[in-house]
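In what follows, a structure is listed as structure tokens, so that the remarks can point back to it.
The values are calculated or read from the model by the stated rules, or taken from the named source; none is laboratory data. No experiment lies behind these values; they were computed from the predicted model shown. Virtual Cβ from ideal backbone geometry, glycine too; neighbours counted across all protein chains shown. For accessibility, only protein heavy atoms count, side chains too; no ligands or nucleic acids. Shrake-Rupley method; radii C 1.70, N 1.55, O 1.52, S 1.80 Å.
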Amino acid sequence: MYQVQWDKDYEVKILLSHLGVTIIACLLILKLQIRSESLLVIPSVGINVTYANRLGQVYTEFYPRQLVMDLVIVEAIIMQRLATYPVILYHDSFTREMKIKPLFMKCRLKMAELKSIYQKVQKNLRFTSLEKKS
């Protein structure tokens, strides 16, 4: 009867490939997990959103005031949970079609905190709208 002999190098290659896949998966998970988000509204300039992940990488998105229509609070049902989060309504600079950008989706903010963010952003957006009319 013929017996299959395992080569020692073959076992090492399988072990290293599994280890490599595990390391890549862990790095991908760490890269996608958002550690902190911040929102900076500058009247007459725009809205700056900054994300930092677990690896320390920082991503920044800027929405010019001319393209930002509004910031609203949206409610969505995700699985069996009601999620509320702020959303920026803006026009795409190239296609000029309206788009939305959800904010603070990973952290579960209370409605009082969302209202506070909403009121402060609306105050700054309203301030720039009044400047344009004058």
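Accessible area per residue was computed with a 1.4 Å probe on protein heavy atoms; ASP92 scores about 30 Å². For THR22 paired with ILE100, estimate the spin-label separation in nm (one decimal), with each label point 7 Å from Cα along the Cα-to-Cβ line. Modelled inter-label distance: 4.1 nm. Ordered by 1.4 Å accessible area with all protein chains kept, MET69, MET79 run largest first as MET79, MET69.
As a ratio to 2.2 N^0.38 Å, the alpha-carbon radius of gyration for the stretch 8-87 is 1.75. Only one of the values (i) 1.27; (ii) 1.13; (iii) 1.20 was calculated from this structure for Rg/Rh (Cα atoms, Kirkwood Rh); name its label. Here the calculated entry is (i). Note on exposure: LEU125, LEU89 ranked by accessible area (1.4 Å probe, complete protein assembly) read LEU89, LEU125, with the most exposed listed first.
The length gained on full extension between ILE77 and LYS110, counted as 0.36 nm times the residue separation minus their Cα-Cα distance, comes to 10.3 nm.
Amide hydrogen proximity for MET69: with H placed 1.01 Å from N in the peptide plane, the residues at 5 or more positions away or on another chain lying under 5 Å are LEU89, TYR90, HIS91. Compared with the dominant Cα axis of the chain, that is its longest principal axis, helix 8-32 is turned about 10°. Counting only alpha carbon atoms, the long axis of helix 111-133 and the longest principal axis of the chain meet at about 50°. In the chain, the calculated helix contribution to ellipticity at 222 nm averages -12500 deg cm²/dmol per residue, counting -39,500 (n - 2.57) for every DSSP H run with n ≥ 4.
Backbone amide hydrogens, once placed in the peptide plane, bring ARG35 within less than 5 Å of ALA52, ASN53, ARG54, excluding anything fewer than 5 places away on its chain. GNM on the chain, alpha-carbon springs under 10 angstrom: the most fluctuating residue among GLN119, GLN80, GLN33 is GLN80.
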